[in-house]
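The values are calculated or read from the model by the stated rules, or taken from the named source; none is laboratory data. Note that the structure is predicted; figures quoted are calculated from it, not measured. Cβ atoms come from the backbone with ideal geometry, glycine included; neighbour counts cover every protein chain shown.
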Amino acid sequence: MRISFVIAVVIVLATPVLADDIAGLSPEMWERIQAVESAPISLQPTPSPEAPAKLSLEDVLASALRHNAGFRQAQAQLVDARFGFWVADQRLFYTASGEAVRERSPGGLPKTSLVAGVGARWESLGGGAVRTAVGTGTQEVLSGFFTQRPSIVVSYDQPLLRGVGLASSTYERIRGARTALASQELSFYDDHQDLAQRVIEDYAAVLLAQGEVDIAQRSVERAQKFYDQNYAKFSGEGLKQPGEQWVSQVAEIDVDQARLSWESSKQQLISRQQSFRDAIDRLLLEMGFLPGATPQLTTTIAYAPQEYEEPALIEKAIANSTDLGRLALSQQDAEAALRIARSEDRPDLIASVSVTDLGETLGRQTVSTGWFGGVRVEAPLLDRRREEEVARAQRELEVLQQRIVATCDQVTQEVLRQVRAAVSSRARIDIGEQSVTLAQKSREAAQGMFEEGLTDYLRVIDADNRLVEAESSLLREQVGYFLTAIRIRRVLGEDITQELPE
């Protein structure tokens, strides 16, 4: 009983505790990561489906996460990491052995011998190990299986200096697997968000292309209308009078200019339609759908300006940065390598305790019970290789700590850059809205002056081109501001698949 008590005390004192938060991220960030991971993962191949007639942004995201071929690799890696941690976390091991021999000695009679045994080993996080074994001994007949010298052994070995505590192989195996799983969880979250951002950008690109098609279509309709008006003027009765050849020539120039403007606007429309088709195909391929369809996109992007406070955003971004989280995990690996290197440089001091029961029978009289207790010592002398391993591990840790400082600065710079982009985009949108209003007035004025005969058609063409340019520029800025807001949410570690326009 006393020996068992000592073993229990040694196990408790030598068992370290694995920290729950191993990446230094905020609890809110881990909740988002776990929410993304909880989504059902299926790696079964699926044929590329055809796109439905209508697609919202939410539908597009769900389809991409389900069908995108590239995202399957991230899913498989996460499954592998989970299984690897489950395997590494096994600390209780069972063994069973058996042997049946039929032999005959020279001059003797044939005989059969049977040997069987079962054992178990439990590993402590502190490096200790409890081993138990029960053996039947050598049996000559099957009917008396446990009747001839069975054995029961219970032992516990505990390193005291080298490979103990946080430097034990068991603790390091579990810690390393858990760190690898956490790193893969962060990578999976990033892959999830990367795919979502690409899909959102492709969706916005389709909406932008569709808007530019609409602008180009209106330009074509206006150009055709003015061409029809000019052609009616040129061919109308009474326009060409005797002795007024210059009137006919001016009217013909207007018709040619109107026709040229019309043809140019049609070329622009064809280019915009091609861009729209390409954007649709990119979106469908990102979703894992068959290209070629033209679904109607039901989600609209509304311009919603926001105010950003840089200090609060920087603090939040640093607390939720997955890059910093992975570096924190790498730092733990470097610290573990340094602990192990320092542990290997110490003397090897192992304490052992065991109890052995050897008896004629298992359930009756016991002939003898033995025990063992001792310490084994092995000390390295002038091992420069181990000294260099400690120095190298220390250097790697210091370099990694500097990378963490640099990454904090990069996160800060990215937040400032995206906020500046948002502020600049808002200013350009305000100017763009005014430009569209002015361009519309200018075009209406040019049209009125042309109809009154106060100017030629070139001024109308120029005003119409300026209107098209102003409308397209405003549309691009509004879409760009929406995407900048998405990038800011990415920098802050938020799940960009949530709180999107419907």
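Descriptive notes on the structure:
- Filtering the stretch 15-36 to residues that are assigned to a loop (DSSP other than H, G, I, E, B), modelled with pLDDT of 85 or more and of a type in the set (Gly, Ala, Ser) leaves only Ser26.
- Boolean, Leu181 is touching a Ser or Thr at 6+ places or on another chain (Cβ under 8 Å), buried (at least 20 other Cβ atoms within 10 Å of the Cβ) and at pLDDT 85 or above: no
- Reported count of residues in the stretch 140-164, each being at pLDDT 65 or above and either farther than 24 Å from Gln332 by Cβ or surrounded by fewer than 18 Cβ atoms within 10 Å (Cβ to Cβ) (or both), is 10.
- Candidates are the residues of the stretch 469-478 that are surrounded by fewer than 20 Cβ atoms within 10 Å (Cβ to Cβ) and not hydroxyl-bearing (Ser, Thr, Tyr); the one that is farthest from Leu260 (Cα to Cα) is Arg476.
- Matching residues, the stretch 277-300, being closer than 19 Å to Asp495 by Cβ and not in a helix (DSSP H, G or I): Thr299
- Count - residues of the stretch 301-323 that are among the small types (Gly, Ala, Ser), loosely packed, with under 14 Cβ neighbours inside 10 Å and part of a loop (DSSP other than H, G, I, E, B): 2
- The residues on offer are Val60, Val10, Val87, Val6, and the sole one that is over 23 Å from His192 (Cβ atoms) and at pLDDT 90 or above is Val87.
- Condition check for Leu454 on (1) part of a helix (DSSP H, G or I); (2) surrounded by fewer than 13 Cβ atoms within 10 Å (Cβ to Cβ): one failure, at (1).
- When residues of the stretch 94-115 are limited to those that are out of contact with any Phe, Trp or Tyr (no Cβ under 8 Å at 6 or more places or on another chain) and either at pLDDT 90 or above or of a type in the set (A, V, I, L, M, F, W, C) (or both), the one surrounded by the most Cβ atoms within 10 Å (Cβ to Cβ): Val115
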